[in-house]
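Notes for the one structure printed next.
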């Protein structure tokens, strides 16, 4: 179940042997709406790979949640994704992500298509 999900859901990478293997990823996402709302910084260890036109990745680790005016919390977050290179210039991708929270864990999705010119 996980392997087909990883291939069906994706990130922005198109699987390539040159990109395969473990990696570290630090990413900060901040929110603004009539001013700064706060940010979350993911500190992830992951693995990416692929076979032919299929690419996948899986990553996870701590997430530092810093709401504006609130207490900083440490949560756990992760992502699983994949892509399919349909043609030389067109690929589709998707991602499933999660973050824990004491009272309200969250799940997110991302799907898209990319055309190269």
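Remarks
- A full extension of the chain between residue 109 and residue 90 corresponds to an added length of 4.8 nm, given 0.36 nm per residue minus the alpha carbon distance.
- Burial ordering of 79, 114, fewest other beta-carbon atoms within 10 Å first: 114, 79
- Among 63-70, 104-111, 91-98, the peptide with the highest mean count of other Cβ atoms within 10 Å heads the list, and the full ranking is 91-98, 63-70, 104-111.
Laboratory data are not the source of any read-out in this text; all were calculated from the coordinates shown. These figures come from a predicted structure and were not determined experimentally. Here Cβ is always computed from backbone atoms with ideal geometry, including for glycine, and neighbour counts include all displayed protein chains.
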